[in-house]
Amino acid sequence: MIPARHIINEIVTSLREVIAPAIAEPYPKSQAYMAAVVLEFIARQVEERNDIETEKYTALMALLRDLSHQPELGPMIEADHLSEAGLCELIERLYSQREQLGEEVFASVNRRIRQALRALLDAELKVAGKAEG
Amino acid sequence: MPRVRDLALSDFVHSAGGWSHEIYLFYANWNEDGHARRQGFCLRKDPGAGLLRERSNLREQFLVIKALEATPVPSPKAYWYEEDPTLLGGPFFVMEKVEGEVPNPWSRAGKQFYADAARRGKLPRSFVEALASLHNLDWRTTGLDFLGVPGIGKGFVLREIAKWESLIYQSIRKPEPMLTELLMWLKANAPEAMRLAFVHGAYRTGNLIVKDDAIAAVIDWELQVIGDPMYDVAYVLSDLNREGSPLLSCIVERDFFLDYYQQLTGIAIDLEVCRYYDLLYAMRSTAFWLSASGLFAEGRNKDLRLARTTYSVPVVLNMAAKALGF
């Protein structure tokens, strides 16, 4: 996701340079300019939340721990996979070696990976605002 | 226009719609052979940093609209295409301004408009008929094969996946494991197209001009391909296009759509294949939102609608995960 402060700063610019100048009536025009001023203060109050990254890291740790116990996957798992980029690579490798692994192992590992993907999505949905439950 | 005198442009409006191109509506007023004339036009201009990036092809759009003029597909007339960016700051083309309205299906007022029209019954029929007119088109005779004809079997699907995957890799700013899983699943489960048709690629309310409860024109010719007609059918069936409405695309009842489409085209709808395409659309939507939010984050496009799409990525991927059963 785009960092919150970046978006706020762009909204401030848009309010000042696009929206407010296009408003003819004095009251809504002053409201638009004031919204820009208030948002600048809000930008200083905002901190990116770190609980999401923590949750993601926990989910990835649990995934790698579980997968490392699968003997068929031994050489496939590397320390580099403890990141979202690493998980992408692991998923690609799993699909490319599907035949060698056999359908049963593939399905089992894919199921466990999808469980981790669910946890990663749920973490991101805390911000995107569509989380259920 | 050699016989035109006293040409003047008026009622100039910069439309708020469109993600890829700037859209301007205006009227031209002139005298011709002693008679006063007035006609509405629509100008589409490539801003250079739109949703599809360099995949946006205004010339192709112009040629498609031109080719459709002689067909039963309701579409605007295409007048001029200009490649030279020095005139308006980018390539552009001018087409007929089709009279009518394009209610936004995501707005409360738009949903109400379509719900009311659905009750009257004429617009849902017209919606299906316009789609059928696309799929019944002889695209070779019409000269639309310049769009590229995919190979038999999985050629169409794999080409679509490759197209949107390249946009993803061009735009992506951080790894998205769920998207990787979705891409790998799509490649591993690609269906074979049973037939090829001229496919709009985004057939839904919001991309259709409505007048007198009928489709006056199909617009937004940006994603058209020669491909599997189920690709359009799946888009109509998709939940992506009817948030909060029980009607497909906010306008047509599911059973009526399925029956009437098959009756008009003679094409049997394969719901399993449509479910696959719905997931492909989730991947394509993710590609769009990654591209849009990337353009904003890079400072190449200041449109705040693009910033909003950064929050759409996990939402669409969540829909895909649910469709895949997790």
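The values are calculated or read from the model by the stated rules, or taken from the named source; none is laboratory data. Here the structure is a predicted model, which means the values were calculated and not measured. Cβ placement follows ideal geometry from the backbone for every residue including glycine, while neighbour counts extend to all protein chains displayed.
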Legend entry - Hey, B:Ala282 more than 10 Å from chain A (Cβ to nearest Cβ), at pLDDT 95 or above, buried (at least 19 other Cβ atoms within 10 Å of the Cβ) and on the phi < 0 side of the Ramachandran plot or not: yes
Legend entry - Among the candidates B:Ala130, B:Ala67, residue that is buried (at least 19 other Cβ atoms within 10 Å of the Cβ), touching a strand residue (DSSP E or B) at 6+ places or on another chain (Cβ under 7 Å) and at negative phi: B:Ala130
Inset, instruction - Output the helices (runs of 4 or more DSSP H) that fall wholly within segment A:24-133 and possess 2 or more residues being within 9 Å of chain B (Cβ to nearest Cβ), or say none. - result: A:84-96, A:103-128
Legend entry - B:Gly90 being surrounded by fewer than 14 Cβ atoms within 10 Å (Cβ to Cβ), out of contact with any helix residue (DSSP H, G or I) (no Cβ under 7 Å at 6 or more places or on another chain) and not charged (D, E, K, R): no
Inset, instruction - Please work out if B:Phe296 is within 12 Å of another protein chain (Cβ to nearest Cβ), without any contact (Cβ under 8 Å) to a residue 24 or more places away in the chain and not in a loop (DSSP other than H, G, I, E, B). - result: yes
Inset, instruction - Show the residue pairs that are 6+ apart or on different chains and have beta-carbon atoms under 7 Å apart, the first residue being within segment A:3-27 and more than 27 Å from A:Glu48 (Cα to Cα), the second being not aliphatic (A, V, I, L, M). - result: A:Ala20/A:Lys29; A:Ala20/A:Tyr33; A:Ile23/A:Lys29
Inset, instruction - Could you tell me which residue of segment B:160-186 is farthest from B:Arg300 (Cα to Cα), considering only residues that are of a type in the set (D, E, K, R) and surrounded by 15 or more Cβ atoms within 10 Å (Cβ to Cβ)? - result: B:Glu181
Legend entry - Filter pass, B:Leu304 being touching a residue at least 40 places away in the same chain (Cβ under 8 Å) and within 14 Å of chain A (Cβ to nearest Cβ): no
Legend entry - Pair list, Cβ < 8 Å and 6+ apart or interchain, from segment A:85-98 residues that are assigned by TED's automatic domain parsing to the domain that holds A:Arg111 to residues that are of a type in the set (A, V, I, L, M) and surrounded by fewer than 16 Cβ atoms within 10 Å (Cβ to Cβ): A:Tyr95/B:Ala188; A:Arg98/B:Ala188
